[in-house]
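Let me begin by presenting the structure, written as structure tokens, before commenting on it.
The values are calculated or read from the model by the stated rules, or taken from the named source; none is laboratory data. None of these values were measured; they are calculated from a predicted model. Backbone-built Cβ (ideal geometry, glycine too); neighbour counts: all protein chains shown. The accessibility values were calculated without ligands, DNA or RNA, using every heavy atom of the protein model including side chains. Shrake-Rupley method; radii C 1.70, N 1.55, O 1.52, S 1.80 Å.
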Amino acid sequence: KLVIATGEMRYTAPDRLDKRTLTPKPETVVLDKDTLTLERDNRKMSIRLIARPEVAAFVDSIRSTLAGNRASLEQNYRLALSGDVDAWVLTLVPNDSRIASLLQRITVKGVREQVLGIDYLQADGDRIEMRIEPVKTP
């Protein structure tokens with residue numbers, strides 16, 4: 001079954017990521033330093049990432065990629081980079097069994113310094129594809 005969601009994502013260096021899903025169902029996810037907060041259906045839940053290292057590695061894959069933090073990515077993934085500055089692909093394969101039990105690989109695509117897509121292939125075969133359209137600044 002294909003589900004298409006739309007929304008907004010904002011990264012504030014070095015360690016804050018806000019993701020707001022607008023459709024099909026409103027949801028807000030905030031990653032602030034080491035706390036992940038999810039708000040949906042008038043309920044709010046927070047997770048300290050230090051208590052859930054497999055979740056931390058999953059969410060840090062986005063934050064570390066956006067920050068260009070190779071050392072952080074290499075703590076949890078084997079990295080493979082292909083292409084060139086005008087069309088590159090970074091593949092992250094988990095090197096920890098706890099992460100690998102959830103996730104087969106992450107593929108990040110971009111042009112120059114802009115990330116344009118992040119695809120997650122989960123261990124159960126499901127896929128999450130995130131397409132990112134940069135906001136044009138005036």
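Over the chain, DSSP H runs of length four or greater, each weighted -39,500 (n - 2.57), average out per residue to a 222 nm ellipticity of -5000 deg cm²/dmol. Among Arg105, Arg63, Arg48, Arg43, the order of accessible area from largest down is Arg43, Arg48, Arg105, Arg63, computed with a 1.4 Å probe on protein heavy atoms. In straight Cα distance, which aspartates and glutamates are under 15 Å from Lys136, not counting same-chain residues fewer than 8 positions off? In chain and number order, the partners are Glu8, Glu113.
A full extension of the chain between Asp18 and Val3 corresponds to an added length of 3.3 nm, given 0.36 nm per residue minus the alpha carbon distance. These residues, Leu81, Leu121, go from largest to smallest accessible area, 1.4 Å probe, as Leu81, Leu121.
Using a probe of 1.4 angstrom, how much of the accessible area of the chain is carbon and sulfur, in percent? Whole-percent figure for carbon plus sulfur exposure: 52.
About its Cα centre, segment 35-83 has a charge dipole of approximately 100 debye under the convention of +1 per Lys or Arg Cβ and -1 per Asp or Glu Cβ, with nothing else charged.
Taking only protein heavy atoms and a 1.4 Å probe, what accessible area per residue, in Å², does the chain have with all protein chains in place? Could the numbers behind the result be given before it?
Numbers: 9370 Å² over 138 residues.
On a per-residue basis, 68 Å².
Phi-derived couplings, Karplus 6.51 cos²θ - 1.76 cosθ + 1.60 at θ = phi - 60°, listed residue by residue for segment 78-94: 8, 9, 9, 10, 9, x, 9, 4, 8, 6, 10, 9, 10, 10, 10, 10, x Hz, with x used for Gly and Pro. Which of these, Val115, Val85, Val59, has the largest mean-square fluctuation under a Gaussian network model of the chain (Cα springs below 10 Å)? Its mean-square fluctuation being the largest, the pick is Val85.
Comparing Lys25, Lys33, Lys109 in a Gaussian network model of the chain, where Cα atoms under 10 Å apart are tied by springs, the biggest mean-square fluctuation is seen for Lys25. Based on C-alpha pairs under 8 angstrom that are at least 6 apart in sequence, the chain has a relative contact order of 11 percent. In the elastic network of the chain, a GNM with C-alpha springs shorter than 10 Å, the most mobile of Thr23, Thr37, Thr65 is Thr23.
Which FRET efficiency value, to the nearest 0.05, is calculated for Ile50 and Ala80 with the Förster distance at 30 angstrom and r the Cβ-Cβ distance? With a Förster radius of 30 Å, E is 0.60. Label zone of Glu39 (point 7 Å out along Cα→Cβ, amide N under 13 Å): in segment 1-30 this covers 18-21, 26-30. For Lys44, a cut-off of 28 angstrom between C-alpha atoms picks up these lysines, skipping any fewer than 8 places away in its own chain: Lys1, Lys19, Lys25, Lys33.
Relative to the current alpha-carbon distance between Arg70 and Val89, full extension at 0.36 nm per residue lengthens the span by 5.4 nm.
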